[in-house]
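Comments concern the structure below.
Nothing in this text is a laboratory measurement; each read-out follows from the coordinates by a stated rule. Note that the structure is predicted; figures quoted are calculated from it, not measured. All Cβ positions, glycine included, derive from the backbone under ideal geometry; neighbour counts span all protein chains shown.
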Amino acid sequence: MHPNPIRRAVPRDATISYWAARDGWPIRRFDWPADAARGSILLIGGRGDIFEKYLEAFEHWRLQGWSVTALDLRGHGGSGRASESELVGHTESFAALVDDLADFWRDWRGGGPRVAMGHSMGGHVLLRALTERRLDPEAAVLLSPMVRIRSPLGSWLSGRIARNMCKRGDPARAAWRPKSSAGARADADAMLTSDYGRLLDEQWWHARMPGTQMGPPSWSWLAEAFASSDLLWRRRDLSHLTTPLLFLLAEQDRLTVSRASSALARRLPNARVAQFKSAGHELLREVDPVRDAALHAIDSFLGSATARARGASG
């Protein structure tokens, strides 16, 4: 028997549907309302995510009275592909992802205090929307946000290479070949979490939902990701971003640069940072001691942030 059945079963009182973006693109969404909601959480996943990966965390928040909504970003997860290949994660513009999030937030009817959360690429898109004054949550949580992509060549040179590769061929083509050997795939999985059981959960969902698994990014995705990160980093004055923010960072993150996220957080007037040792990129899917500590940090932060919001409104 599975240690926690919620990890492999969509709750009966939750719904999965599609929201139409401004150009009609179908964005896959998950909604799990609480009976007497203390507020509403919107989670935006990362580049290779499907929201089923986070059912365990959703259950945790719902038991505390939160209604939960989640999105698969355009071109990712169950929201289709922007390239001809089902495996390639492609986007022509990160601005379109920011537009989708801002438009959805405007249409979303979450009750009570509304909280935004973003993991990895979703955290980057959320940060962009916040710095551009496109969202107004009571609080926001950034989980291993993609402030800087980890690259052995550095952000500037990597971005330049990606832009040149876009000019030399189809920008939607894969930036590298999918990993074929079992050892290479296992090493890639280890970048995400050290919890083997939760890695198997993700494989279980992909096997039942063909077309949701994602391989390498396109050259366009890489070029846009480095450019969007630079845009975020070059913003000199962030004093307007007074939303309470919590950055959760994994010190062993092999996909994003945690030091860059911490440095950005220090430039924000109302941000705090929680660091986790011996943890991979996906903190909410790590081994129980790490995952529980991350959830506790989020719970404490949301409790204080929403209490201040209620006090200010009263």
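Taken over the chain, the alpha-carbon convex hull comes to 132 cubic angstrom per residue. Taking other C-beta atoms within 10 Å as the exposure proxy, 240, 119 rank 240, 119 from fewest upward. Along the axis of the charge dipole computed for the chain (Cβ charges of +1 for Lys and Arg, -1 for Asp and Glu, origin at the Cα centre), the listed residues 204, 85, 69 are led at the positive end by 85. What's the center-to-center distance, using Cα atoms, between region 97-114 and region 17-64 in Å? That distance is 11 Å.
Which of the trypsin sites (Lys or Arg not before Pro) found in region 1-93 are loop residues per DSSP with 14 or fewer other Cβ atoms within 10 Å of their Cβ?
On the way: sites: 7, 8, 12, 22, 28, 29, 38, 47, 53, 62, 74, 81; in loops: 12, 22, 38, 47, 74, 81.
Of the trypsin sites (Lys or Arg not before Pro), the ones in loops of region 1-93 whose Cβ has at most 14 other Cβ atoms within 10 Å are 12, 22.
What the Cα atoms of region 102-259 give is an Rg and a Dmax of 17.5, 50 Å. In this label model, residue 203 and residue 156 are separated by 4.2 nm, measuring between points 7 Å along each Cα→Cβ vector.
Take the Cα of residue 252, step 7 Å toward its Cβ, do the same at residue 234, and the gap between the two points is 3.7 nm.
Amide H contacts for residue 88 (H built 1.01 Å from N in the peptide plane; partners 5 or more residues away or on another chain; cut-off under 5 Å): 215.
Would you please name the GluC sites (Glu not before Pro) within region 11-112 that are DSSP coil residues with at most 13 other C-beta atoms within 10 Å of their C-beta?
Numbers: sites: 52, 56, 59, 84, 86, 92; in loops: 84, 86, 92.
Taking region 11-112 and a limit of 13 other Cβ atoms within 10 Å, the loop GluC sites (Glu not before Pro) found are 84, 86.
At a Förster radius of 22 Å, what calculated FRET efficiency corresponds to the Cβ-Cβ distance of residue 8 and residue 300, to the nearest 0.05?
Working: r = 29 Å, r/R0 = 1.32.
The formula returns an efficiency of 0.15 here.
Could you give the dipole magnitude of the chain about its Cα centre, charging the beta-carbon of Lys and Arg +1 and that of Asp and Glu -1, in debye to the nearest 20? Let's see the in-between values first.
Working: 43 positive and 35 negative charges, 180 e Å.
Result for the chain is approximately 860 debye, rounded to the nearest 20.
Of the trypsin sites (Lys or Arg not before Pro) found in region 141-175, those that fall in a DSSP loop while having at most 14 other beta-carbon atoms within 10 Å are 168.
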